[in-house]
Every structure is written in C-alpha cells, then in structure tokens.
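In what follows, a structure is listed as structure tokens, so that the remarks can point back to it.
The values are calculated or read from the model by the stated rules, or taken from the named source; none is laboratory data. None of the values given here were measured: they were computed from a predicted structure. Cβ placement follows ideal geometry from the backbone for every residue including glycine, while neighbour counts extend to all protein chains displayed. Just the protein is used for accessible areas: all its heavy atoms, side chains included, with ligands, DNA and RNA removed. Shrake-Rupley method; radii C 1.70, N 1.55, O 1.52, S 1.80 Å.
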Amino acid sequence: MAGKAFGVVVLGGYGHFGRLIVERIARIEGCEAWVAGRDPDRAAALAARCGARVLHVDLREPGLAERLRSTGAALVIHAAGPFQHLDLGVAEAALDAGMHYIDLADGRAHVLGIDTLDARARALDRLACSGASSVPALSGAVVDALRPRFARLQSVHVGITASAQAPGRATLASVLSWCGRPLPRSGPGVGVAHGLQGPVRHVFPAPLGARWLLDCDVPDLALLPRRHPDLTTVRFSAGLGLDVYQLGGWLLSWPVRLGLLPDPVPLAGPMQAIARRLAPLGDGCSGMFVSLSGSDHDGRPLSLCWELVAEHEHGLYVPCAASIALARRLASGQLQARGAMPCVGLLGLDDVLDELAGLSVRAALREDTGATTR
C-alpha cells in the first residue's frame, strides 16, 4: 500500500487480547500499530518487540479524543476489558477524533446499543463496530455461511469452551451478575433460561473431547433472530476447561434463582483465586461449535454442526481474529461499510479463519448426529 500508513491504535494493547492484536496488526503491510494503555513501560516493551508505537492514555481521564487524534491514526480497536460492561464513551471519543472504531465486546446491551451512534458515524463517514469477537462476529459468520443450505432454519445453538485459564476478576463479576437470573428470551415460544443453568455436554473432536457447558447471555440471542427471521430458537452455552467450574457455577445459580443469595458478585474474588490454583490442571485446549437445525430445499430435516478446536492455548487468538480482519479490510479499502452497528454481516467466515492461519486452530463441518445432549 503506497502513501501514509494506516494507523491502528489498540487500547489495552499489552493486555490479554490487545497484545495478540498488536502483534498481528504490526505484520500487515501498510499498517502501523499503536500500543495504547496506562502503563508506558509495558507498552514500550511490546512496541519495541513488534515495531509498533506507544500511546500513553488512561480511558478514565478526560481528553481521550484529543489523545487519539494526536496519533494521526485511522482506527481504534478497543481491547481493554472487561467487555461485558463497556459504555459508548470510547466509541464517541474515537468518532470525535475522526477515527473508525472496533471493540471486542460481547455484552448484549453494549453491542446492541452501538446502533445509537449510527447517524453520527454515517455523517462522519466512519465505521463504529461492536462485537468483533467470537460472538457475534464469528458465530454470525458461521450462520451466514451455512444458511443457504437450509430452506428453513429453525434453531441455532452456539457453544464455547475455553481452556482452564482463570478469567479476570471483572469478567467473573460480570458473569456472576446474571448467574441464576432469567436470561432474555431467545425466540418466540422459547422458555426462559437462567444464567449458568441448562447444562449440556458437547463432544468435540479429539483431543478436546466432551465438555460441559451452561446457558449464558450474549448478543446472538437477539441478533440472530433479527437477521434470520425464521429462527424460533437461539441458544448460547459456555464453559471453562475443567468440569468443576461448571459444577460450581451450576450449584451457585440455584440459591440465586431461589432468592436465597441476593448478590453473588462479591464471590468473584475468592472464585478467581480458586480458578488460578486449578488452571495448571487444564490441557490448553478450547473449542467452539455452531449447531444449526431446520429443513433442506427438498423438505428433509437437516442438522449441521460447525466445530473449531484450538490447542496449545491458541484459542486466545480466536476472539481477536475478527478485529484483525476488519482492520485489514479497512486498511486495504475493501470494507466500505459506514455507520454504527454490531459486527454481524461485515465479514465472511473465511475472512475470520484466515487470520488464524499458522496456529493450532482447525475448523470442520459435519452432519449433526446428536453430539450435543442434555
């Protein structure tokens, strides 16, 4: 690409996901990566290793738009979690700075709420995109890719199992905030699910094998029925690598559901400490499935299951792939979408999977013969 480099500021650039995004962005021809965060030493160390630049910035302080504008960059990728409770302040600052905006949020309210900035983003000829992560970006791309196989698509079940690495305290607190509580309905005629209940056991390809998963709340429960109106059931399940985590979450959900434990959030600290002690027992494997059911164009029942398996802790890259793919397409001029929107329909499945090339990550499609059971 000739001319000025396409600058990408990665907020939280030395963090859990930000580091991986910076490393990949820095390798894209014509792109210039910025490591942005509160700790200049950590940012400088990563920048020196990747050939990136450093932006010292605190998202909690005023003047964010001016700090972003000073870089001359074209895009902000917000990778500073926790993603469940992001507000729109950073997205607004990015637009004020005349920049595109992408985040890795998977909280329903935030991802759906990005639409409120649509008119502003269009007026500025910028893209503000939320949910560039495993859900809804990758899950939505899988459904879009397989939808033509169906004359009628009736149900979608998305599941993610992470490795045994301990989640951050803020992320764990967010999960506990809806533990045992009713989740929003996922389609007409669907019964109310409750957070960390509804256990299912999915058998992934080797070496992952069988994993227990529990019901969770994600934007897909609202976005997929909106995009595919014939859907009557959408479900999302998730879990960590050791079954003891799912057992603990399921047991904790009952006193919350029955009103015996008004607020489980204060337990986040002790639970994280336990998770850290158990993390070495994990196998470094993670996975994802998207199961679709309905009827084919001859009127026969059809069930398909797309599965992804990651080894050697390479599953950490999967939530980052969509944001990297979006940055690549924006930099090359291949992505012309403007406005503010959830990250559904902006990327093809191959766009996301191409960013995982060279890693211990593989995906395959099979006829679903009931590997997921209650």
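Can you give the angle from 0 to 90° between the axis of helix 268-278 and the longest principal axis of the chain, with both taken from C-alpha atoms, to the nearest 10?
It works out to around 80 degrees.
So for each of 214-220, 228-234, 313-319 I average, over its residues, the number of other beta carbons within 10 Å; can you give me the resulting order with the highest mean first? Could the numbers behind the result be given before it?
Details: 214-220: 25.7, 228-234: 16.3, 313-319: 21.9.
Output ranking for 214-220, 228-234, 313-319: 214-220, 313-319, 228-234.
For residue 60, what charge total do you get from the other residues with a beta carbon under 13 Å from its beta carbon, if Lys and Arg give +1 and Asp and Glu give -1?
Net of charged neighbours comes to -1.
Of the beta bridges DSSP finds with both residues in the chain, what % are antiparallel, to the nearest 5?
The antiparallel fraction comes to roughly 50 percent.
Would you mind checking the range 88-110 for residues with the amide N under 14 Å from a putative spin-label position 7 Å along Cα→C-beta of residue 125?
98-100
Only Cα pairs under 8 Å and at least 6 apart count here; give the relative contact order of the range 81-124 as a rounded whole percent.
Relative contact order, the range 81-124: 47 percent.
In percent, how large is the relative contact order of the chain, given Cα pairs closer than 8 Å and 6 or more residues apart?
So the answer I get is 20 percent.
Does the range 255-312 come out rounded, prolate or oblate, given a ≥ b ≥ c as the square roots of the eigenvalues of its C-alpha gyration tensor, rounded meaning a/c under 1.5 and, failing that, prolate meaning a/b above b/c?
The shape class here is oblate.
Given an 8 Å cut-off on Cα distances and at least 6 residues of separation, report the relative contact order of the range 34-149 as a percent.
18
Based on the Cβ-Cβ distance from residue 66 to residue 41, what FRET efficiency comes out when R0 is 25 Å, to the nearest 0.05?
After rounding, the FRET efficiency stands at 0.60.
Summarise the accessible area of the range 188-284 (1.4 Å probe, protein heavy atoms) by the percent that is carbon and sulfur.
Taking all protein chains in place, the range 188-284 shows 67 percent carbon and sulfur surface.
Compute the separation of the alpha-carbon centres of the range 185-264 and the range 126-178 and state it in Å as a whole number.
Result: 12 Å between the Cα centres.
From the helices alone, meaning DSSP H stretches of at least four residues, give me the mean residue ellipticity at 222 nm for the chain, per-run term -39500 (n - 2.57), in deg cm²/dmol to the nearest 500.
Taken over the chain, the calculation gives -9000 deg cm²/dmol.
Could you please state, rounded to a whole Å, how far the C-alpha centre of the range 295-313 is from the C-alpha centre of the range 21-91?
Rounded to whole Å, the Cα centres lie 37 Å apart.
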